[in-house]
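Report on the following structure.
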Amino acid sequence: MQVEAHLQKIIDQEGKVHLTLIDPASQTPERAAEIALAAVKGGTDAIMIGGSTGASGTLLDETVIKIKEKVDVPTILFPGSSAGLSRYADAVFFMSLLNSRDLGYVITNQVLGAPLVYQSQIEPISMAYLIVEPGGTVGWVGDAKLIPRKKPELAAVYALAGKYLGMHYTYLEAGSGADKPINPEMIGAVKKVLGENKLIVGGGIRDAEAAKLCVSAGADMIVTGTVLEEARDVTAKVADLVSAIKR
Ligand SMILES: CC(C)=CCC/C(C)=C/CC/C(C)=C/CC/C(C)=C/COP(=O)(O)OP(=O)(O)O
Ligand SMILES: O=P(O)(O)OC[C@@H](O)CO
Ligand SMILES: [Mg+2]
């Protein structure tokens, strides 16, 4: 419970959490560690490590190791498959893509990955992963039956089912690089049924205004990946996002 408890403490004390997503396939492990350090200086709370393609093996392990050498915040795996696990990370979003048509993303990758989590010190954080239009690469790879943007009630019933199945977190995903983030109506409808369970929102969040809209609507945590990969000054960009969401 260490990482999950740590994030809960931040929510209790500061209201909201900012997560930085680093894709091991996008840069060298050394550069990934520099980005992570810059993000921590800007006030990010944890580093998520994963990608829908190519985030596995030595590249993944090296990326986790280098990041851990540079920063003290938790490292949380965000695996695209059982190959997205690394024994060097602190925790893993142990997620099921509830709206996938492919059983592989609902349960089989989790079964194949479970022994490594059992044998290592990685903390599993149970999570319902829901992909909403447009869904991006992850929607395609995960064979998701995309939740329409204008159907918040569909997202809410998926989230409720995830909660009743015992999942602690729900992640509403618009897809990496989405043209718009998840809308406030959907975030509000999902948070309403989740109650104290945690809601993560990601995909297409590019600026402080968008981040603020998401948390005001009910997101407990926001994830940014693409804007930080593209930022010239990662520390300043993260600081801007963080100041918009924390109380
Ligand atoms: C819990 C275990 C062992 C596996 C879970 C397996 C599941 C459910 C995967 C869901 C589908 C999937 C492909 C998820 C990938 C998550 C992810 C890292 C997405 C975003 O990464 P980016 O790197 O920003 O996106 P691109 O790769 O599209 O650039
Ligand atoms: O790259 P962005 O658009 O920030 O999306 C982050 C995350 O939700 C992708 O899984
Ligand atoms: Mg990527």
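The values are calculated or read from the model by the stated rules, or taken from the named source; none is laboratory data. What you see is a predicted model, and the numbers here were worked out from it, not measured in a lab. Heads up, the Cβs are rebuilt from the backbone with ideal geometry, glycines too, and the neighbour counts pull from every protein chain shown. SASA here: full protein model, heavy atoms, side chains in, ligands and nucleic acids out. Shrake-Rupley method; radii C 1.70, N 1.55, O 1.52, S 1.80 Å.
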### Message
What is the distance in Å between the Cα centroid of the range 167-218 and that of the range 5-42?
### Response
17 Å
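For residue 2 and residue 70, what does the FRET efficiency come to when R0 = 22 Å and r is the distance between their Cβ atoms, rounded to the nearest 0.05?
Working: r = 20 Å, r/R0 = 0.90.
So the FRET efficiency works out to roughly 0.65.
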### Message
Placing unit charges on C-beta atoms (Lys and Arg positive, Asp and Glu negative, everything else neutral), compute the dipole magnitude of the range 54-200 about its Cα centre in debye, rounded to 20.
### Response
360 debye
### Query
Expressed as a whole number of Å, what is the distance separating the alpha-carbon centroids of the range 126-164 and the range 85-109?
14 Å
### Query
Once every DSSP H run of n ≥ 4 in the chain is given -39500 (n - 2.57) and the sum is divided by its residues, what mean residue ellipticity at 222 nm do you get, rounded to the nearest 500 deg cm²/dmol?
-13500 deg cm²/dmol
### Query
Could you list log10 I(q)/I(0) for the range 44-171 at q = 0.19 Å⁻¹, which the Debye formula gives when each Cα is one point scatterer?
-1.08
### Task
Report relative contact order for the chain in percent, whole number only (criteria: Cα-Cα under 8 Å, sequence separation at least 6).
20 percent
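Using the C-alpha atoms of the chain, what convex hull volume per residue, in cubic angstrom, is computed? Present the calculation step by step, with values, prior to reporting the outcome.
Details: hull volume 26.0 nm³, N = 247.
Taking only Cα atoms, the chain has a hull volume of 105 Å³ per residue.
Once you charge only the Cβ atoms, +1 for Lys and Arg and -1 for Asp and Glu, what is the size of the charge dipole of the chain about its Cα centre, to the nearest 20 debye? All intermediate terms of the calculation are to be shown ahead of the outcome.
Details: 24 positive and 28 negative charges, 106 e Å.
Magnitude of the dipole: close to 500 debye.
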### Message
Under 20 Å from a point placed 7 Å out from the Cα of residue 143 along the Cα-to-Cβ direction: which residues of the range 79-99 have their backbone N that close?
### Response
79-84, 95-99
### Task
Please report the orientation-averaged projected area of the range 127-217, defined via the convex hull of its C-alpha atoms, in nm².
5.2 nm²
### Task
Determine the share of the chain's accessible area contributed by carbon and sulfur atoms, expressed in whole percent, with a 1.4 angstrom probe.
54 percent
### Message
Loop only by DSSP, 16 or fewer other Cβ within 10 Å of the Cβ. Give me the GluC sites (Glu not before Pro) in the range 150-247 that pass, ordered by residue number.
### Response
196
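For the range 6-115, what is the accessible area per residue in Å², given a 1.4 Å probe and the full set of protein chains? Write down the numbers at each step before the final one.
Values: 4450 Å² over 110 residues.
Per residue, the range 6-115 has 40 Å² of solvent-accessible surface.
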